[in-house]
1. Would you compute, from DSSP H runs of 4+ residues alone, the mean residue ellipticity of the chain at 222 nm, taking -39500 (n - 2.57) per run and dividing by the full residue count, rounded to the nearest 500?
2. How large is log10 I(q)/I(0) at q = 0.17 Å⁻¹ when the Debye formula is applied to the Cα atoms of the chain, each weighted equally and without solvent?
3. For helix 29-62, report the angle its Cα long axis makes with the longest principal axis of the Cα atoms of the chain; keep it between 0 and 90° and round to the nearest 10°.
4. Based on alpha-carbon centroids, what's the gap between the stretch 11-26 and the stretch 27-67 in Å, whole number please?
5. Calculate, in nm to one decimal, what residue 5 and residue 47 gain on full extension: separation in residues at 0.36 nm each, minus their alpha carbon distance.
6. Measure nothing fancy, just the Cα-based angle from helix 3-27's long axis to the longest principal axis of the chain, in degrees from 0 to 90, nearest 10.
């Protein structure tokens, strides 16, 4: 078996496992609620942090002095 073939098989196996897990989570109400809460948390905490990093980088690249 070549390395390329092994990678393809591994990718297919991981993809099938991910799809199976997603199906199970979507069909189980408590897990679905938990997953939704995790997504909301990730978006509400990650998006502002990303936005602040972008603003700081843009400020630094503009050559303006710090406040």
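1. Details: 2 runs with 59 residues, N = 67.
The per-residue figure over the chain is -32000 deg cm²/dmol.
2. For the requested q values the scattering log ratios are -0.78.
3. For 29-62 against the chain, the angle is about 30 degrees.
4. So the separation of the two Cα centres works out to 26 Å.
5. Working: separation 42, 0.36 × 42 = 15.12 nm, distance 3.80 nm.
Here the segment from residue 5 to residue 47 would lengthen by 11.3 nm.
6. Taking the Cα atoms of the chain, the angle to 3-27 is about 80 degrees.
Where a number appears in this text, it was derived from the coordinates with a stated rule and is not lab data. Model, not experiment: these values are computed from the prediction.
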